[in-house]
Structures are given as structure tokens and as C-alpha cells.
Amino acid sequence: MRIFVNQIGFDFQVEVERMTYLFFEEDIVTFEPYGDPDLEIRIRLFDGQEQIAAEAELSEKGTVRSTGSSGQLAVADMEQAARRKKCKQTVLQALHDCLADYTGEGQPWGILTGVRPMKLVHGMVQSGMPQQEIVCVLQDHYRIAPDRIRLLFDILDAQQDALPDLYQIADQASLYIGIPFCPTHCAYCTFPAYSMEDKYTYAADFLRALEKEFAAVGRFLREYRIPVTSVYLGGGTPTSLNPPELEFLMEMLYREIPGGEAWAKRGREAGRNGMAKSGIWREFTVEAGRPDTITPERVEVLRRFFVNRISVNPQTYKAETLKTIGRGHTPDIVDRRFRLVKEAGFENINMDMILGLPGEDLDDVRYTRERIGALQPDSVTVHTMSFKRTAVVNKEKDRFTIPHTQLVRMMMAETDRWARDLGYRPYYVYRQKNILGNLENTGYAMPGKEGIYNISIMEERQCIIGLGGGASTKLIGPDGRSFGRLGNPREPKAYVETIDTVLEKKIDQLKRMNEMILQQQL
Ligand code: SF4
């Protein structure tokens, strides 16, 4: 089907095109008035001094099939950028309503384009807005569907329980350590995941470069007396390091980063049956991700160094899909490795699953849930397939059969019910570009088992200092104010060769941000 969009009085073509494609995924949207289109969408903006209004009208071969309209108050002396934003939102509201009317279904996230919907909610909560008013903004302004609004408030509750000082943790930081090696490269992934051959070539130099980062970041944290909230070892697959390499990493982490002593002491006192949730280092996660890398020797190192949260990720229990997406492990190995970490005494075990994997249907997802449910992990992270530009599933689209939007939305609705029925609560959510069904990724956890790091990174209420391959440092000041971000080189060779310059810049920016904040506080 060819759809001609006729926009009058504005130029937000990119946003209008994106919204139209959300409703008409497989059709052709054009802004050029040639030929005889199947549908015509006419959108008109009225940008008045005190009122901004938009109307959208969809016609099929000359007959009007649906309409949408929207209006917002404006003031004459509004800044141009603010006025433009309001105009854009008004246009998208009218277009959304018109297309929802025609197709019979609105978008789950309405006109919201940001990847972190909870940030919007936290901003309103912190400004003192009553819950009912927040609901109105989400519903009337952003056109967010009622079930997603409920999701946001459920997450708010869970986050307030798990991290009651979320709005006060800007004077702390969390650490992300990236180990950019993986046994094989999964087709959907764009994380730094270099081969085991690269690992053999670069592991020693990589760890020495990482040691420099630990030392410099540790000095910075001590100098500015910044406590560490949580430590997250991710990648890639950190457990692609062999046990002596892991041990080397753990030793430098505890030696250089403040708070490690206290965490270890707490770990020794708490023994295997749970650690205190408060105080310095509230959590130490290792994303063991790939079950095939979890061996008794590696598990022994992780436990000896008081890792308390670990991820063992099946993604799916369908063997054929695992092969298609290049995960290189079997479903049964997931169960065996899960039992291994369970018996080792990790107090918090997470499992990830993906909805919308190539060739999967509702029964496949039900089967995956059944197998995960049988293991009773402490948390389950439910991802929706997204088509990142450089991922194999995107570059070689024709090779994969991707489930349709409606099917993926059913998978998500069922999975949400399943998780809640088992007692899991949603505790963080984020969206991605080109995500199937315009859906989301949601982390569910049993009460008290929420991932602290996941909340910190999603809600952007504190600095995340990234160390290692491809790790990002997010500079966040009080009230979630962003001071920018810095990325470490992804490629191991580049990381090793440029570490001194990268580090100098990172520490310089971290110091400058902290000096600025200290000055403002005087
Ligand atoms: S194991 Fe994880 S990080 Fe590695 S390629 Fe697969 S999804 Fe990406």
C-alpha cells in the first residue's frame, strides 16, 4: 500500500514518517504527491500566538475514513525551541489519534519517543505533581496506553522500595566494567563481543590496561570521597575470562576501588545466606550471560570475591532458535549451569529472555517461560527483539523470519501476566530504536531482588563510570542533570593502545564536573 502524507504548515517529516510507519509497518510512506496513493493523510498545523492546534485526516481514495485533532495553550513570548517542541507534539497527537482510529489500535507508548519512560515519571514525582495529574499527562498528552501507565506506576513502587534514596544518590557513582569477548557473536547483538581468538591475543594486555583504569578511577573516587553504589561486570561475556584472569580482575577491583573492603567484610559476615542491602557497594553483579562459559572453577572465583548477583541467560529454550541466532549453547546446559550457580549460593540469579526471536511463535515463548519458571530465578528480564543498525539480524534481514507486531504484542502481554502471577514485580523498563511492536524491555524481580545497578543506569540519577572495552561513562549531576558521556574504545587492540589518552580525558571530565558541582554548592 502507498501512503501519501500531505503536511501543511510544518516540517517535522522525520517524526511524522516514524509515527506513520509504526501503524503501517509494511507499507510505503511518501511525502511526494505523485501517482494515485491508496491512502492520503493530510495534517495541518495552526501555530497561533496563544493556541497551537493540529488536525489530521485520513482518506481512502477520496473518502475520509478517520480524523484526529489536538490543541495546546501557548504564550506569545515562548522560546522558539519550546514552541517548536509543542508544535511537534501537537502534530503527533493528532496524527496518532487519526491513525489509531483508522487501524483500531493506538501505540502502546503513544507519541513518546524517549528510551527511558520512567525518567519522565520521576521528573513529575519529584516536582510534587499528584499521581492523578501524572496519569493525565501520560494519558492525555503522551497518549500512552492504560496498561503501560500501570506498568510505569508499578515500576515506580518497586523502585521506591528497592532504592528509596534514588533522588539522593547523585553524590555516589556506580561502576560498569566491560569485558568485550564472547564465545560466539549472537545475531541480534551490538555489544562489544570480540572473538575468543582476540581474547587469547589481547587478554593479558587488556587486563593490564584495565588495571590502569581501576587505579585512576579509584584515586579519583577517593580524592572526591565518592562512594560506590553498585558494581556491574558486563561485556561481552566476563566469564569468557579464564579463572586466573577473573581472579586477577577481582583482586585489582578490591585493591583499587573504595568500598570493596566493606563489601567483602559484609559478605564474610553474611555468609552464603544473603548480604545486607544497604551501605557501600549495595550490589556486585556479574553478567555470566552465556551459560556455556559458566564452569565450577569460574563460579568458585566469583563466590570467593563476593559476587552476589549473577545472570544466566537462556534467551530462549528452543534449540533451533539458539542455533539460528548463533548462541552456541543448548537449552539443557542452561538448566545445568543455573543449578551450579544456585548451589554455589548466589543470592540473586537473573535470567534473560527475548520475545520476537526469528521463527518463534506463542508456543515457543510459552515453552521458554515454562522452563524458566521451573528454575525459579530471582529475576527475569524480558527483552523485545530490536533491529540495531549493525546487528546481523538487521543487516541480513532476509535470512530471518521475524514474528509480526501483533504476535509479539501478544507474547509480551502473556509474559507480563505470567511474571506477575508468579510474584515478580516489574522494576525497570527501557525502550530501543526499531524495537519490535514498538514495545519495551522490562526487568521483573521478586520483591527485594531488584537489580540496583539496572535502576541506577536507567533512571540516570548518578554517574556511571565505565571501565574496560566499549564501556560508557555517563556524567550525571544532581537532579539527573547530564554532563555528557564518554565511550571507551570497543575494539580490544584500540582499547589497549589508547588507554592513557582515554583515561586522562575521562578523569579530567569527571573532575571538572565534580569541581563545578562543588562550586555551585558553596
Ligand atoms: S553473549 Fe551477550 S554480549 Fe555476547 S554476543 Fe551474545 S548477546 Fe552479545
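Please treat every number below as a calculation from the coordinates, not as lab data. Because the structure is a prediction, the values reported are computed rather than measured. Neighbour counts run over all protein chains shown; Cβ positions are idealised from the backbone, glycine included.
General remarks:
- Strands (runs of 3 or more DSSP E) fully within the stretch 1-88 counting 2 or more residues that are small (Gly, Ala, Ser): 51-60, 63-73
- Top-ranked residue in the stretch 140-154 [being at negative phi and in contact with a helix residue (DSSP H, G or I) (Cβ under 6 Å, 6 or more places away or on another chain); ranked as farthest from the ligand (Cβ to nearest atom)]: 149
- Count of the stretch 160-211 residues, restricted to those that are within 16 Å of the ligand (Cβ to nearest atom), surrounded by fewer than 18 Cβ atoms within 10 Å (Cβ to Cβ) and aliphatic (A, V, I, L, M), is 1.
- Taken over the stretch 8-24, the residue count meeting the criterion of being crowded, with 20+ Cβ neighbours inside 10 Å and farther than 20 Å from residue 386 by Cα is 1.
- Options 269, 300, 347; residue that is farther than 24 Å from residue 191 by Cβ and under 24 Å from the mean Cα position of the chain (by Cα): 347
- Among the residues of the stretch 236-258, those identified as part of a helix (DSSP H, G or I) and within 16 Å of the ligand (Cβ to nearest atom) are 238, 239, 240.
- Pair list, Cβ < 9 Å and 6+ apart or interchain, from the stretch 342-364 residues that are at positive phi to residues that are surrounded by fewer than 23 Cβ atoms within 10 Å (Cβ to Cβ) and of a type in the set (D, E, K, R): 345/272; 345/303; 359/318; 359/320
- Of the residues 485, 461, 425, 490, the single one that is within 18 Å of the chain's Cα centre (by Cα), under 30 Å from residue 199 (Cα atoms) and among the charged types (D, E, K, R) is 485.
- Residues in the stretch 76-115 that are among the aliphatic types (A, V, I, L, M) and without any contact (Cβ under 8 Å) to a residue 24 or more places away in the chain: 78, 81, 82.
- Sole exception among (1) within 16 Å of the ligand (Cβ to nearest atom); (2) surrounded by 23 or more Cβ atoms within 10 Å (Cβ to Cβ) for residue 228, by number: (1)
- Elements of type strands (runs of 3 or more DSSP E) contained in the stretch 410-522, each with 1 or more residues being among the aliphatic types (A, V, I, L, M) and without any contact (Cβ under 8 Å) to a residue 60 or more places away in the chain: 472-476, 482-487
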